[in-house]
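These notes concern the structure reproduced below.
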Amino acid sequence: MIPDPTGPGQESVWSYPRPAVAEPTQRRLKIVHRDVIIAETQKGIRTLETSHPPTYFDVVVRDETLRDVAWSDFGARIGPRRSFKEFSDR
């Protein structure tokens, strides 16, 4: 497969490394749902892996906006994490 050329300011997922890497990012990461900011940070972690879009972690979540799922785990490269099931009606 020959990837399309990238334009100014673009990245190619085909130039990302394998195995995946995690790197700090100071980009403003924000999650908005129904005009409510439920998570925001400028101290996130961006993971990169060949042929995959970037994934962002460590967004500071406002706990009152989400309901916890009954599990958590420990990612080998990322560390402890929690997952969320749904938005709260509160």
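Details
- Of all residues making up the range 1-10, the number that are charged (D, E, K, R) and at pLDDT 90 or above: 0
- Those residues of the range 20-35 which are among the hydrophobic types (A, V, I, L, M, F, W, C) and surrounded by 11 or more Cβ atoms within 10 Å (Cβ to Cβ), in sequence order: 20, 21, 22, 29, 31
- Hits in the range 22-65 - residues which are acidic (Asp, Glu) and modelled with pLDDT of 80 or more: 23, 35, 40, 49
- Flag for residue 13 being surrounded by fewer than 11 Cβ atoms within 10 Å (Cβ to Cβ), at pLDDT 80 or above and on the phi < 0 side of the Ramachandran plot: no
- Scope the range 26-41; condition outside any strand (DSSP E or B) and either closer than 18 Å to residue 55 by Cα or within 11 Å of the chain's Cα centre (by Cα) (or both); matching residues: 26, 27, 28
The values are calculated or read from the model by the stated rules, or taken from the named source; none is laboratory data. Keep in mind it's a predicted model, so treat the numbers as computed, not measured. Glycine also receives a Cβ, built like all others from the backbone with ideal geometry; neighbour counts cover every protein chain displayed.
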